[in-house]
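Notes follow the structure.
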Amino acid sequence: MNTHLLTNARIVTPTENFIGSVEIENGIINSVIKDKYYAEGIDLKQQWLIPGCIDIHTDYLEKEMYPRASAAFPLPFALHFMDARAAACGITTVFSAVSFSDNEEKNRNLTEAMELSRQIDKVRHSLLMRHFLHARIDPNSHGILDYLEPMKQLESLYLVVYNDHIPGERQFTIQQQIDLRSKAFGISPEEALAKLEKQIEKTKNINNRQQIYEAFKDKYILGSHDDTTVEHVEEGKFYGSTLSEMPTTLTAARKAKELGLWVCLGAPNYYRGGSHCGNLSCIEAIEEDLADILCSDYHFPTVLASVVRMIENGISPSKAVNMVSLNAARLLNFDAETGSIEAGKKADIVVFDSKHSFAAVSYVFVDGVCKYHADYTHGVSPLKAEHKTEWDVLNTGL
């Protein structure tokens with residue numbers, strides 16, 4: 001089930017795109033053949049064939065667990081359907097962002113974050129896609145220090161990001177936070193300001209980045225979240241960051257590139273034409289060549305949809321695809337094994353058609369095994385019977 005011949009596809013490699021075929025043998029890309037059709041292969045009818053998307057930051061698990069603030073669902077339930085959604089969106093490697101912070105307003109606390117992470121560890125190998133943890137660590141809390149060593153025991157933890165929670169410092173201004181809290185909790189602006197001032201007083205003199213850095217510097221990829229100023233980027237770099245994740249200003253993004261950091265922005269930002277909260281526009285950043293990686297942030301479908309839209313906007317297919325695959329693989333040091341359509345790499349492959357400015361995914365392979373298949377032509381599946389997936393059998397009766 002992990003040996004296939006995919007033919008008549010529009011293949012995107014790191015530097016070019018062409019019609020051709022891909023041979024998969026024992027889960028590995030054996031060869032990439034330009035301008036050759038094989039009658040015995042799976043005819044992809046010139047759909048796009050790209051490497052599986054690598055999503056380094058998604059909050060989707062939290063949304064699946066808490067679709068409403070007062071409506072909670074168990075992790076196995078939530079993770080199963082998040083995994084299926086990732087497959088349908090062509091995301092073969094998922095980094096679920098777990099917030100290691102104490103934030104009562106957002107149903108977050110350190111104990112639950114640790115338990116959630118341990119549960120993910122237990123079930124991750126039974127899922128369709130590859131799953132890892134992205135730890136968003138609050139450095140402005142002394143409580144986090146008790147969790148650093150236990151976190152290092154997590155098999156799935158690979159990416160650790162400093163996620164500052166001092167009000168008014170990063171993503172939202174004080175006035176924006178007053179407005180948000182007043183609306184969310186039905187309190188007056190004065191009451192909201194008083195709560196914010198109390199939080200600022202409690203956290204402004206706490207900075208545990210050094211301890212976090214010492215705990216994770218040898219094995220993990222480090223990053224900084226919501227950099228807004230030059231000083232934020234420089235601080236992240238000083239404490240080992242190689243990633244500036246979702247910088248909120250052009251100033252911060254420019255400084256990150258100057259210092260040699262990878263810059264990740266949200267795919268929803270690009271697809272929608274701007275940030276939902278008024279921060280840095282992904283389109284502007286790409287125009288200045290300041291963005292390297294797109295992540296789903298809070299919406300899986302926009303990862304591939306942004307690739308489609310970038311191509312429509314004149315960006316080369318290779319550059320667009322690299323932003324959701326190879327560049328992330330390079331950040332994570334995964335690129336020797338995955339992240340591009342090249343002989344010798346793992347056959348993590350996505351096939352899709354672009355219509356109405358989004359992607360309709362028809363095949364997803366992980367390690368050469370077809371994990372997802374959908375036939376939007378309503379014809380007979382070109383997969384041979386012995387190659388059909390569990391998804392085919394359970395959902396289409398094929």
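Kindly establish whether SER21 is part of a strand (DSSP E or B), among the hydroxyl-bearing types (Ser, Thr, Tyr) and out of contact with any Asp or Glu (no Cβ under 8 Å at 6 or more places or on another chain).
In short, yes.
Would you pick out the residues in region 290-321 that are in a helix (DSSP H, G or I) and either open to solvent by 50 Å² or more (accessible area, probe 1.4 Å) or over 24 Å from ALA9 (Cα atoms) (or both)?
ARG309, GLU312, LYS319 - these are the residues of region 290-321 that are in a helix (DSSP H, G or I) and either open to solvent by 50 Å² or more (accessible area, probe 1.4 Å) or over 24 Å from ALA9 (Cα atoms) (or both).
Is it the case that ILE91 is among the β-branched types (Val, Ile, Thr), over 21 Å from LEU159 (Cα atoms) and either touching a residue at least 24 places away in the same chain (Cβ under 8 Å) or surrounded by 14 or more Cβ atoms within 10 Å (Cβ to Cβ) (or both)?
In short, no.
Looking at (1) modelled with pLDDT of 95 or more; (2) surrounded by fewer than 23 Cβ atoms within 10 Å (Cβ to Cβ); (3) under 17 Å from SER296 (Cβ atoms), which is the one condition that is false for GLU25?
Just one mismatch for GLU25, condition (3).
Would you please name the residue that is surrounded by the fewest Cβ atoms within 10 Å (Cβ to Cβ), looking only at residues in region 323-369 that are more than 21 Å from the chain's Cα centre (by Cα) and closer than 21 Å to GLU23 by Cβ?
Among residues in region 323-369 that are more than 21 Å from the chain's Cα centre (by Cα) and closer than 21 Å to GLU23 by Cβ, the one surrounded by the fewest Cβ atoms within 10 Å (Cβ to Cβ) is GLY344.
For MET1, state whether it is modelled with pLDDT of 95 or more and either open to solvent by 10 Å² or more (accessible area, probe 1.4 Å) or in a helix (DSSP H, G or I) (or both).
For MET1, the condition - modelled with pLDDT of 95 or more and either open to solvent by 10 Å² or more (accessible area, probe 1.4 Å) or in a helix (DSSP H, G or I) (or both) - is not met.
Within region 331-390, work out how many residues are part of a loop (DSSP other than H, G, I, E, B) and at pLDDT 85 or above.
Count: 20.
So which residues in region 4-18 are buried (at least 16 other Cβ atoms within 10 Å of the Cβ) and not in a loop (DSSP other than H, G, I, E, B)?
HIS4, LEU5, LEU6, THR7, ASN8, ALA9, ARG10, ILE11, VAL12, ASN17 - these are the residues of region 4-18 that are buried (at least 16 other Cβ atoms within 10 Å of the Cβ) and not in a loop (DSSP other than H, G, I, E, B).
Which of the residues belonging to region 59-90 are more than 22 Å from TYR372 (Cβ to Cβ), in a helix (DSSP H, G or I) and charged (D, E, K, R)?
GLU62 - this is the single residue of region 59-90 that is more than 22 Å from TYR372 (Cβ to Cβ), in a helix (DSSP H, G or I) and charged (D, E, K, R).
The values are calculated or read from the model by the stated rules, or taken from the named source; none is laboratory data. Being a predicted model, the structure only gives us computed values, none of them experimental. Heads up, the Cβs are rebuilt from the backbone with ideal geometry, glycines too, and the neighbour counts pull from every protein chain shown. Note: accessible area is taken over every heavy atom of the protein model, side chains too, but ligands, DNA and RNA are not part of it. Shrake-Rupley method; radii C 1.70, N 1.55, O 1.52, S 1.80 Å.
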